[in-house]
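Some notes on the structure that comes next.
The values are calculated or read from the model by the stated rules, or taken from the named source; none is laboratory data. These numbers were taken from a predicted model, which means no experiment stands behind them. Using ideal geometry, Cβ is built from the backbone for each residue, glycine included, and neighbour counts are taken over all protein chains shown.
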Amino acid sequence: MAELKGWKDIPIGGLITEPGSSKKFKTGSWRVMRPVYDRSKCIDCMMCWLICPDMAIIQEDGVMKGINYDYCKGCGNCANICPKNALEMKPETDFQD
Amino acid sequence: MVVEQKKLAITGAEAAAYAMRQINPDVVAAYPITPQTPIVEKFAQYVADGLVDTEMIPVESEHSAMSAVVGAAAAGARAMTATSANGLALMHEIVYIAASSRLPIVMPVVNRALSGPINIHCDHSDTMAERDSGWVQLFAENSQEVYDLIFIALKLAENEDVRLPVMVNQDGFIISHGTEIVEVLPDEEIKKFVGEQKIMYSLLDTKNPVTYGPLDLYDYYFEHKRQQVEAMENARKLFPEITKEYEAISGRKYSYVEPYKLDDAEYVMVALGSTNGTIKYVVDKMRQEGKKVGLLKITMYRPFPKEEIQYYLNGRKGVVVLDRSLSFGAEAPLYAEIKSSLYEVAVKPQIGSYVYGLGGRDITPDMIRKAFEDALKGNLVADEQRYLGLRE
Ligand code: SF4
Ligand code: SF4
């Protein structure tokens, strides 16, 4: 999360003057459930990539490459749509040390 | 240098339309509502006659009118609309959005009682419901002031440090439909005075793209509200400069408040809108009888001119505040704010609240005199709300 600025240092009216600035907003901090990817079950159908509202599915040339946890907010849409159950939602608490 | 001016016999609504013609806004979106209708009717005539370059959008409701004007202003257009009462209430949601998006929209408002029961006549309940929306609110006493304040409003709204929308209020029917002599400046003088808008954050500027109206949660919303507070302060600071500039060409002086026979006045009435004219008449009469009465007319209601009010009311014997609207279960709006302003003055006057003229009920010189006489008798009670012209 970028450092929060004071009222004198931001554009008026709630305007966003920097295109593409949503990239700076790491929605991954919202996540309570984490999609865990199992490559062995995946058929690269890209349904998860299509449905993900945060563009958090990483793909290269039509090949599924995992999940960007900086932006994955844990909504579970990908796991829900996956025809091969290659994505499993697990509680974030499982990953805390 | 004061410019030679034409005198026209026109109504307040026509004065507003005339001013809008001279501004020649890029976009006007409006929906008819009594008693505002003649403003937009007249303006539509100007459009049909080719006297303005305005894109006129006859929308399906006031909610859409304000939305269209917000969109146009965000694109960098000079955009205007006008409304009254329930029309303003229907705009309410977007009225806040116009202010918080910092769009310099000027809107003549023809004050009419809010329903219900349904009523088309004057009171200030419509504009008072928008009191905290973040708009600058100016009140005209007569058609001349309607005409003048619209230009002052535009210049204030578009200032880089302000960027706030402004409502120019006129009393429904009393001003909007009453014919008076109005002195009008030549078109080219107005063109010079209002100048070109400095376009900021235009949606059409594809080289510098901006997003209007994004989600703004607990991390920044509060900071944006603080900016609006600052913009209001800037409007307050800038107002005298703009009115002075306007005075130089028109010869007509405007300020936050207008003191009338206040120098040695012991008893002062405070009011908004057209009733100030009637109060001046009563003050003149009572002065002839040797009574030390005067008037403090409020022209700028938002930002509220607290310092000027303190300056003019400190040390008076009695202050009578007239309100043309109510706040059910609390003190009437103008009274509450005048009373709160007086908390800090050195010598506090007695103060009394008088509600009058709701739903267009006449306010007569006798009623005003009666309120003054209460003050002269020392019979003002700070915590009592009294009524003028109400049947018991
Ligand atoms: S859980 Fe939601 S946000 Fe995360 S990768 Fe799946 S679809 Fe995208
Ligand atoms: S939806 Fe499932 S199978 Fe299809 S690409 Fe995504 S993880 Fe692989």
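Could you say which residue among B:ASP205, B:ASP148, B:ASP219 is of a type in the set (Asp, Glu), in contact (Cβ under 8 Å) with a residue 12 or more places away in the chain and within 14 Å of another protein chain (Cβ to nearest Cβ)? Working first, answer last.
Working: B:ASP148 fails: within 14 Å of another protein chain (Cβ to nearest Cβ); B:ASP219 fails: in contact (Cβ under 8 Å) with a residue 12 or more places away in the chain.
None of the other options fit; the residue is B:ASP205.
Of all residues in the stretch B:364-387, those being surrounded by fewer than 21 Cβ atoms within 10 Å (Cβ to Cβ) and within 23 Å of the chain's Cα centre (by Cα) number 1. Keeping to the stretch B:299-336, report how many residues are among the basic types (Lys, Arg) and under 29 Å from B:ALA157 (Cβ atoms). So the count comes out to 3. Scanning the stretch B:335-357 for residues that are touching a Gly at 6+ places or on another chain (Cβ under 9 Å) and either outside the structural domain of B:GLY318 (by TED's automatic domain parsing) or surrounded by 19 or more Cβ atoms within 10 Å (Cβ to Cβ) (or both) returns B:TYR335, B:PRO349, B:ILE351, B:GLY352, B:TYR356, B:GLY357.
Take the residues in the stretch B:77-116 that are within 16 Å of the chain's Cα centre (by Cα), more than 19 Å from B:PRO38 (Cβ to Cβ) and in a loop (DSSP other than H, G, I, E, B); name whichever of them is farthest from the other protein chains (Cβ to nearest Cβ). Top of the filtered list is B:ILE105. Just a yes or no: is a residue in the stretch A:20-29 more than 11 Å from ligand 1 (Cβ to nearest atom) and either closer than 24 Å to A:ASP94 by Cα or in contact with a helix residue (DSSP H, G or I) (Cβ under 7 Å, 6 or more places away or on another chain) (or both)? Yes, that holds for at least one residue. Per the listing A:CYS48, A:CYS42, A:CYS75, the residue uniquely away from chain B (no Cβ under 14 Å) and either more than 10 Å from ligand 1 (Cβ to nearest atom) or small (Gly, Ala, Ser) (or both) is A:CYS42.
Residues of the stretch A:58-72 that are in contact with a helix residue (DSSP H, G or I) (Cβ under 6 Å, 6 or more places away or on another chain), farther than 12 Å from A:VAL36 by Cα and within 10 Å of ligand 1 (Cβ to nearest atom): A:TYR71 alone.
For every residue, the table says whether it meets (1) more than 19 Å from B:PRO305 (Cα to Cα); (2) touching a residue at least 12 places away in the same chain (Cβ under 8 Å).
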site: B:LYS253; (1), (2): no, no
site: B:VAL257; (1), (2): no, yes
site: B:TYR260; (1), (2): no, yes
site: B:ALA265; (1), (2): yes, yes
site: B:LEU272; (1), (2): no, yes
site: B:ASN276; (1), (2): no, yes
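Residues in the stretch B:117-159 that are among the hydroxyl-bearing types (Ser, Thr, Tyr) and in a loop (DSSP other than H, G, I, E, B): B:SER133 only.
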